[in-house]
Amino acid sequence: LASCILLRFEKDEVLDCFVTQVAKVGFFATVGPATVLVAYNMVHSRYRFHTQPNRFVDGSSPKDVIAPGAEVRVRVVGIRQCGDDLYMVGTMKEDFLGRVRSAACEKVDDQEQHEQVPVQNDMLVVA
């Protein structure tokens, strides 16, 4: 008795994927065995590319960062299979697409939430 998992991607499908690499030309993400390229012109206009480290930052919300490890939601606009490798082109220029969650940002947010701030009367307040 054999079993298998079938994973089939289709054009216009919305996927949640994890960013693996960010460059000025866009970013690469993975979902299962597939690699997704979201080119710079397919990233929402509110995001700007920053170096040191390479990342895309939302101009209206600086904590909204697309960096390696971030989870993003993209729409597939093209699919190409080369042998056993599957490559897709995605876009984030539509409503409800973009960063879902970022491990780096959550770590910073957690540290800020649990930081203790001393106040008068020798009391500690958890911020």
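The values are calculated or read from the model by the stated rules, or taken from the named source; none is laboratory data. Everything quoted here is computed from the prediction, not taken from an experiment. Don't worry about glycine lacking a Cβ; one is built from the backbone with ideal geometry, like all the others, and counts go over all protein chains shown. SASA here: full protein model, heavy atoms, side chains in, ligands and nucleic acids out. Shrake-Rupley method; radii C 1.70, N 1.55, O 1.52, S 1.80 Å.
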Simple spin-label estimate for Glu10/Ser45, 7 Å along Cα→Cβ, in nm, reads 3.2 nm
Taking a probe of 1.4 Å and leaving out DNA, RNA and ligands, region 1-47 shows per residue an accessible area in Å² of 68 Å²
Computed on Cα atoms only, the convex hull of region 32-87 has an orientation-averaged projected area in nm² of 4.8 nm²
Once amide hydrogens are built 1.01 Å from N within the peptide plane, the residues lying 5 or more places from Val77 or on another chain with amide H under 5 Å from its amide H are Asp12, Val89, Gly90, Thr91
